[in-house]
Structure formats: C-alpha cells, structure tokens
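Asks: Below is one structure. I have some questions about it.
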Amino acid sequence: MEKQVLIIGGRGRIGSCVMADLIAHTSANIVITGRTPTSHLVLADEIATDSLRSRLSYIALDLVEKEKLQAAIAHTDLVVHCAGPFRQRDTSVLQPVFKKVFLTLM
C-alpha cells in the first residue's frame with residue numbers, strides 16, 4: 001500500500017515545490033489542501049502524465065475548519081504543513097497530528 005502524504009497549503013509557493021518533489025521522487029499518493037474550491041482543476045494541468053495525476057488529489061480546506069482538518073489528517077501517513085501566514089502559527093494542525101501518533105503508539 002502506498003503511503004499517503006497530506007500537504008497543507010499545497011497551492012502556495014513552498015507547498016507546490018514540496019508537492020512537485022514528492023510526485024517526482026516518491027511513489028506516495030499526495031493530497032494537497034488550499035482554500036480555493038477549484039484549485040484541483042488547475043493542479044491537474046500542472047502534472048504532466050496521467051499516472052502522476054492519478055496519485056494527486058485536492059481538498060478545499062481552511063485551517064479554521066477543525067473537523068475537516070482532523071478528517072484529512074486521520075487518513076495520512078505524513079503531514080507537511082506549508083500554509084501561511086507563518087508569523088501567526090498556532091497548534092491547530094499539531095494537535096490532531098499528535099493525537100493520531102499517540103493513538104497509533106498505544
């Protein structure tokens with residue numbers, strides 16, 4: 001089974017670079033998030049081949065949507081947090097990640 005990677009803020013400058021590297025150098029399935037509901041349409045055009053496109057999906061997600069964020073994290077093996085603004089960081093992403101790790105270890 002392929003690993004699942006969630007890139008929060010995957011449409012931004014940093015997140016899109018992380019996504020491109022993961023698509024190019026791993027076999028992981030990648031879910032990126034962004035606040036724009038239609039970004040997945042643009043995203044599909046950026047990935048060259050159908051086989052690469054099939055490994056990529058998009059979720060419209062704002063970090064204030066706590067339940068949707070927790071659901072997205074629950075189905076992944078790795079979370080990469082690239083959403084800004086970086087000067088206003090809180091623990092809203094870390095809390096569900098830590099909870100998942102804690103429950104996995106028990």
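The values are calculated or read from the model by the stated rules, or taken from the named source; none is laboratory data. What you are looking at is a predicted structure, and each value in this text was computed from that prediction instead of being measured. Neighbour counts run over all protein chains shown; Cβ positions are idealised from the backbone, glycine included.
Asks: Only one residue in Ile32, Ile47 is in contact with a strand residue (DSSP E or B) (Cβ under 7 Å, 6 or more places away or on another chain) and at pLDDT 85 or above. Which one? Give the derivation first.
Replies: On the way: Ile47 fails: at pLDDT 85 or above.
Among Ile32, Ile47, only Ile32 is in contact with a strand residue (DSSP E or B) (Cβ under 7 Å, 6 or more places away or on another chain) and at pLDDT 85 or above.
Asks: Could you list, ordered by first residue, the pairs with Cβ atoms under 7 Å in which the first is in region 69-80 and within 13 Å of Asn29 (Cβ to Cβ) and the second is of a type in the set (D, E, K, R) and surrounded by fewer than 17 Cβ atoms within 10 Å (Cβ to Cβ), at least 6 apart or interchain?
Replies: From residues that are within 13 Å of Asn29 (Cβ to Cβ), the pairs are Asp77/Lys3; Leu78/Lys3.
Asks: Collect the residues in region 1-27 that are part of a loop (DSSP other than H, G, I, E, B) and more than 20 Å from Leu69 (Cα to Cα), keeping them in residue-number order.
Replies: Those that are part of a loop (DSSP other than H, G, I, E, B) and more than 20 Å from Leu69 (Cα to Cα): Met1, Glu2, Thr26, Ser27.
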